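Any read-out appearing in this document is the output of simple, stated calculations on the displayed coordinates, not a laboratory observation. Predicted model only: the values in this text are computed from it and were never measured. Cβ: placed from backbone, ideal geometry, glycine included. Neighbour counts: every protein chain shown.
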Amino acid sequence: QELEKIFLSKIDQEIKIEPKDWMPDAYRKTLIRQISQHAHSEIVGMLPEGNWIGRAPSLKRKAILLAKVQDEAGHGLYLYSATETLGTTREQTILDLHSGKAKYSSIFNYPTLTWADIGAVGWLVDGAAILNQVMLCRTSYGPYARAMVRICKEESFHQRQGFDILMALSKGTPEQRAMCQDAINRWWWPSLMMFGPHDSESTNSEQSTKWKIKRMSNDELRQRFVDMIAEQVKVLNMTLPDLHLKWNEQTSHYDFGEINWTEFWNVVKGNGPCNKQRLDARRKAWDEGAWVREAASVYAAKRKARAEKKEEKQIA
Amino acid sequence: QELEKIFLSKIDQEIKIEPKDWMPDAYRKTLIRQISQHAHSEIVGMLPEGNWIGRAPSLKRKAILLAKVQDEAGHGLYLYSATETLGTTREQTILDLHSGKAKYSSIFNYPTLTWADIGAVGWLVDGAAILNQVMLCRTSYGPYARAMVRICKEESFHQRQGFDILMALSKGTPEQRAMCQDAINRWWWPSLMMFGPHDSESTNSEQSTKWKIKRMSNDELRQRFVDMIAEQVKVLNMTLPDLHLKWNEQTSHYDFGEINWTEFWNVVKGNGPCNKQRLDARRKAWDEGAWVREAASVYAAKRKARAEKKEEKQIA
Amino acid sequence: MTKDKLYNYTLHLADNALMLAQRNSEWCGHGPVLEQDIAITNISLDLIGQARSLYQYVAELVNNAATSTPPAGGGGREGAKEATEDSLAYLRDVREYKNCLLVEQPNGDWAQTILRQFFFSLYQYGLYQQLLQSTDATLAAIAEKSLKEVTYHVRWSSEWVIRLGDGTEESHNRLENALEELWTFTGELFTPASYELEAVKAGFGVDVSALKPEWEQKVNEIFSEATLSSPPAGGGGREGAVWMQAGGKEGIHTEQLGYILAELQYMQRAYPEAEW
Amino acid sequence: MTKDKLYNYTLHLADNALMLAQRNSEWCGHGPVLEQDIAITNISLDLIGQARSLYQYVAELVNNAATSTPPAGGGGREGAKEATEDSLAYLRDVREYKNCLLVEQPNGDWAQTILRQFFFSLYQYGLYQQLLQSTDATLAAIAEKSLKEVTYHVRWSSEWVIRLGDGTEESHNRLENALEELWTFTGELFTPASYELEAVKAGFGVDVSALKPEWEQKVNEIFSEATLSSPPAGGGGREGAVWMQAGGKEGIHTEQLGYILAELQYMQRAYPEAEW
């Protein structure tokens, strides 16, 4: 009880919880779940964008996209490390993804069908992610918060790159403009779903808010996102596919239509267009990489043994 | 000795040798080697052309090409059957190909790099093959001769289709004309090599001629080919890449330059641009098909057993 | 207006045939047995033939309607020449293709190819039978001509399903895996797209949802002979039911299609001015 | 005239970098370990950077020489706009690419990718070191900038060759297989193409044949540390020697390249009027 008091008072005083500090089991579990889910999202998120690396329409765009997807791998690394500070291993965390036990953001279960999708993913998906991540820079668990600070810097860069892709399309040929609008139409609703269910339906939210893991509610973040995008889309001379979208003078926010929650839950359950494909791709990479990882660790052991032998000799 | 006399007198009288007839061992061996080599050439020959099925530039060309490559599979079947009449199995024959023991025509070790190559292969490679095959329609071994009659009919059709592809290119854009000339340049010399070494260097020829397996010499066939192509190339408004090519009034044939025999022997030895690739592709198809062949034979056996059981019951 | 419906409907039929032909043709030269290499190529050829007839008809519709605005995805380049079977087959981008998801799936192993063919041919068989009654004479004629071919495709693929299912343990397992891979794409066949609904109303199209019972019955029949477990109930929110993917018919494809197009279209895209 | 030589020579260097970058980038998101996914992508990025600098230089040469006839394969479409890095990278057909065969070979498994990188980076290292002395200031500057990157590529790939060779039996065998697959493509690196000979004569290019001894020595060194058998003597008619393939630098490629181009070029080909 004493320990819990200390823990809660730290939370109260906005002192970060660190790996060696005592923390409630549920806090630890919640964090492991959330951070690993976040890590998996970075890794699985490489796939839809990776789909266009080979076909990027210019060398410059190819380099930017490649670097971006690489950044996501880096984010995955930071986050897997953060989960390891909570007493799990990267391998176990990854196996939980492959077995379907751990989730990742459902948005990555939609296919990238045209080049414009790469722009839309950057603008909308990274845009939604950032709002969440900015909030998480102030999360109560130290390693997570620090990982988020690093990630946020790169992520806002990504969002601008995504917007830039769409900007070029919006100024382009009629085919390019159509491609741009089409991608926005397909990615808009799934992006809104990224913030999760309504606050009233969100099971984990309350406790997370108390522990200052979360610092804003799903609906608050979603509203912020809509307000931001509804303005930016004007710059593109495009529209969002929502007839209910309208500026509300009273609330000083945009009103918007209701999300198709059946689709949301369905994709979460594994029935999105690409759930199987994404998991299969990750499992394949992992399984086909097994011999490489094994060779590396056997070699490292050999080397160490040799070095020790040498040392012994030198001492002797 | 009596048997050999009968055999030779049949050859003399242009009576076909049939599977059940007595024949000298060397005759049988020569035939097995030659027919299986011919069969393998059909099968391996599917690969360079197959390379362009997915990218054929129009639906019509795609259908024609697909049908052509399919015909080659059919020719392979006829010829494997012909070897089986000589006491080998298809499987053994194929394994000899995969182990490198049996050869196939070296021409298929060159890559098809552009669509024009599909035209050039049809015109030049099939053109060269036909001259050989027309001769073989009168070969002394019955099943081989009859297979050749069927094959020749289809093959001359293929040659025309190849020429037709080049014709369209020769009337096309500057890029298409360049593509056409380039393909002719690359395929011309390898086609000439298809007739094999000079008569003076050809080890198997003499005996084969006595047995009327072969009825024209390598150099005779090659000359015939040059005379034919040198005329046809004019229709295309293209040239053959041989500065020595020239009509000779005295001989009433075209003179032509010397073949690069170093290249010829090198490709025969396995060092052509695609030898490894071709054999790997065939081995892969065979190995990955093993479970299919096994399933089919297990099922056939089950079915047979069931039918017999049923029959027994009905009789009982 | 009817022209537009007819255009989309026919294009959908053509795209189905083309994509499966393209996939099957990847086997040519690489089949497990020479006789089957020939057989799958034959099916590919039949499907290309069907696609060509259908694209030619669409091209005719487009060109005749030249006075009215051409429908989206007319397949012509800017400043458009006449539509042709090839402009339609080769010059659209991924969102304009209307084939179902099933036919664009990768070949996988022989079991997967067989099962894809079986599911599709059986569907096509029911479809073309109904299309014989189409009020559109051209569609009815194409259906009639194709039906003979498809009858053979059904027989051939059924026999192979049975052979593999009732063959060895390995072939049985591979077929079960193929089922897991492909079943999710079968629902779309029987869920009408907007233009299919319009086509039924207009009298020239087939109500695909009505084809389902017979299709399912035949699948169950062959599966039972193949000693395979019955495929799970399809569709919807039913407990334990497999979710059915859809979208292809409306141009929302899997990521597979983009790669098919890159290869399929290479020459037409690289040499826009050329005739072949 | 010097411009023409310079054009072909530089294009050759650029194509090498681009094709290997394209191949390596196929690993992105599919690597065996996250850290190595990042590493191979890094190499890919470095190579794209090199390709861009080189193509930009070629574009400059082409555009400045606008008065003289542009060399074949200028990468411009009919009625050509100005050449750009992208028109050069994306708008040539297979016969116009001048990359060596090694870099277009498929990734295969990790061992094959590693060994391809090792062979190529080691070659590039020697090449760029010499290119520092080029009489052409731009080429020398590009070499200088690239050399730091390539130094890292050599180290990284060497370490992996050693790790796999001296790792498990499986990794050792896979590396030996990769050697059998790739060795035949290494001879071309040191056999000068016509434009390389001219480039040496003109003073701006590197005599690649002179790079061979040091390259071989380093390969043997690393192979010995990796407990691999020495690669067989290369080239020519020598008994027991492995035949060395060639042709890529003169535009005679393996059948692989066509498929790379279909994917690489899709967007530029499908939307010829667009800017991205």
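Take C:100, B:152 and order them by how many other Cβ atoms sit within 10 Å, fewest up front. List each step's numbers first, then the result.
Details: C:100 27, B:152 17.
In order of increasing Cβ crowding within 10 Å: B:152, C:100.
Can you tell me the dipole magnitude for the protein assembly as shown around its Cα centre, using point charges on the Cβ only (Lys, Arg +1; Asp, Glu -1), in Debye to the nearest 20?
About 680 debye.
Return the long-range amide H neighbours of residue D:204 (sequence gap of 5 or more, or a different chain), with a cut-off of under 5 Å between placed amide H atoms.
It is D:135, by chain and number.
Taking Cα centroids, how far is segment A:232-306 from segment B:17-78 in Å?
Between the Cα centres of segment A:232-306 and segment B:17-78 lies a distance of 50 Å.
Would you pull out the residues with amide H under 5 Å of residue A:253's amide H, same chain only if 5 or more places away, H placed 1.01 Å from N?
Amide H to amide H, under 5 Å and 5 or more residues apart or across chains, residue A:253 pairs with A:248.
Below 11 angstrom from the Cβ of residue B:14, what's the summed charge of the other residues (Lys, Arg +1; Asp, Glu -1)?
+4
With a cap of 11 neighbouring Cβ atoms within 10 Å, and only residues DSSP puts in a loop, list the chymotrypsin sites (Phe, Trp or Tyr not before Pro) found in segment B:169-217.
none
Please list, in order along segment C:194-203, the HN-Hα scalar couplings obtained from phi with the Karplus expression 6.51 cos²θ - 1.76 cosθ + 1.60 (θ = phi - 60°), rounded to whole Hz, x for Gly and Pro.
3, 6, 6, 4, 4, 5, 5, 4, 6, x
Quick one: what are the phi-derived ³J(HN,Hα) couplings along segment A:44-51, Karplus 6.51/-1.76/1.60 with θ = phi - 60°, whole Hz, x for glycine and proline?
5, x, 5, 6, x, 6, x, 4
So how many Lys-Lys pairs in segment B:163-316 land under 19 Å Cα to Cα, not counting same-chain pairs under 8 apart?
6
Rank C:262, C:12, C:122 by how far each Cα sits towards the positive end of the charge dipole of chain C (+1 on Lys, Arg Cβ; -1 on Asp, Glu Cβ) and give me just the farthest.
C:12
How large, in Å, is segment C:1-270 by the Kirkwood hydrodynamic radius built from its alpha-carbon pairs?
Details: mean 1/r = 0.0528 Å⁻¹.
About 19.0 Å, per the Kirkwood formula over Cα pairs.
Quick one: net charge of residue C:200's neighbours, Cβ under 13 Å, K/R +1, D/E -1?
Neighbour charge sum, excluding residue C:200 itself: -2.
Using modelled backbone amide H atoms (1.01 Å from N, in-plane), which distant-in-sequence or interchain residues come within less than 5 Å of residue B:141's amide H?
The answer is B:17.
I need the inter-copy label distances for residue C:229: point set 7 Å along Cα to C-beta, values in nm with one decimal, smallest first.
List, nearest first: 4.8 nm.
Suppose R0 equals 41 Å; then what is the FRET efficiency for residue D:221 and residue C:170 from their Cβ-Cβ distance, rounded to the nearest 0.05?
Computed FRET efficiency for residue D:221 and residue C:170 comes out at 0.35.
Classify segment A:111-217 as rounded, prolate or oblate, taking a ≥ b ≥ c as the square roots of the eigenvalues of its Cα gyration tensor: rounded when a/c is under 1.5, otherwise prolate if a/b is larger than b/c and oblate if not.
It comes out oblate by the Cα gyration axes.
Quick one: 3J(HN,Hα) in Hz for segment B:279-291, Karplus 6.51/-1.76/1.60 with θ = phi - 60°, rounded, Gly and Pro as x.
Those phi angles translate into 5, 4, 5, 5, 5, 4, 4, 5, 5, 6, x, 4, 5 Hz.
Sort A:254, A:80 so that the residue with the fewest other Cβ atoms within 10 Å of its own Cβ comes first and the one with the most comes last.
Ordered by Cβ neighbours within 10 Å, fewest first: A:254, A:80.
For the pair residue D:35/residue A:288, report the inter-label distance in nm, with labels modelled 7 Å from Cα in the Cβ direction.
Using points 7 Å along Cα→Cβ, the separation is 2.2 nm.
Just round it to a whole percent: the fraction of Cα-Cα distances in chain B exceeding 28 Å.
So the pairs more than 28 Å apart make up 46 percent of the total in chain B.
Within segment B:1-105, report the trypsin sites (Lys or Arg not before Pro) that DSSP leaves as loop and that have at most 12 other Cβ atoms within 10 Å.
In loop regions of segment B:1-105 (DSSP not H, G, I, E or B), the sparsely surrounded trypsin sites (Lys or Arg not before Pro) are B:20, B:101.
With contacts defined as alpha carbon pairs under 8 Å and 6 or more residues apart, what's the relative contact order of segment D:1-270 in percent? All intermediate terms of the calculation are to be shown ahead of the outcome.
Numbers: 380 pairs, mean separation 59.6, N = 270.
After rounding, I find 22 percent.
Suppose each label sits 7 Å from its Cα in the direction of the beta carbon; what would the residue A:210-residue B:88 distance come out to in nanometres?
Going from the residue A:210 label point to the residue B:88 one covers 8.2 nm.
With the contact rule set at Cα under 8 Å and sequence spacing of 6 or more, what percent relative contact order holds for chain A?
18
List the distances, in nm and shortest first, from the label point of residue D:64 to the matching label points in every other copy, placing each point 7 Å from Cα along the Cα-to-Cβ direction.
So the label point of residue D:64 gives 6.1 nm to the other copies.
Could you state the number of Å between the C-alpha centres of segment C:28-44 and segment A:157-220?
Taking the Cα centre of segment C:28-44 as reference, the centre of segment A:157-220 is 47 Å away.
Mind checking which of A:73, A:139, A:23 is farthest towards the positive end of chain A's charge dipole, using Cβ charges of +1 (Lys, Arg) and -1 (Asp, Glu) about the Cα centre?
Highest projection toward the positive end goes to A:73.
Rounded if a/c is under 1.5, else prolate if a/b is larger than b/c, else oblate: which is segment C:130-217, with a ≥ b ≥ c the root eigenvalues of its Cα gyration tensor?
Oblate shape, in that a/c is at least 1.5 and b/c is the bigger or equal ratio.
Rounded to the nearest 500, what is the 222 nm mean residue ellipticity of chain A from helices alone, with -39500 (n - 2.57) per DSSP H run of 4+ residues and division by all residues?
Calculated at 222 nm, the ellipticity per residue is -21500 deg cm²/dmol.
Can you tell me the FRET efficiency between residue B:21 and residue B:303 if r is taken as the Cβ-Cβ distance and R0 is 51 Å, rounded to the nearest 0.05?
0.90
How high is the FRET efficiency from residue A:8 to residue D:275, r the C-beta distance, R0 41 Å, rounded to 0.05?
Rounded to the nearest 0.05, the efficiency is 0.10.
Treating the beta-carbon of each Lys and Arg as +1 and of each Asp and Glu as -1, no other charges, what is the dipole magnitude of chain C about its Cα centre, to the nearest 20 debye?
620
Can you sort B:46, B:167 from fewest to most other Cβ atoms within 10 Å of each residue's own Cβ?
B:167, B:46
Longest span of chain B, sites excluded, free of GluC sites (Glu not before Pro) in DSSP loop with at most 13 other C-beta atoms within 10 Å?
Numbers: sites that count: B:14, B:249, B:258.
My reading of the result: B:15-248 is the longest stretch.
Using a/c under 1.5 as the rounded threshold, could you call the protein assembly as shown rounded, prolate or oblate? The axes a ≥ b ≥ c are square roots of the C-alpha gyration tensor eigenvalues, and prolate needs a/b larger than b/c, oblate otherwise.
Cα axes put the protein assembly as shown in the prolate bin.
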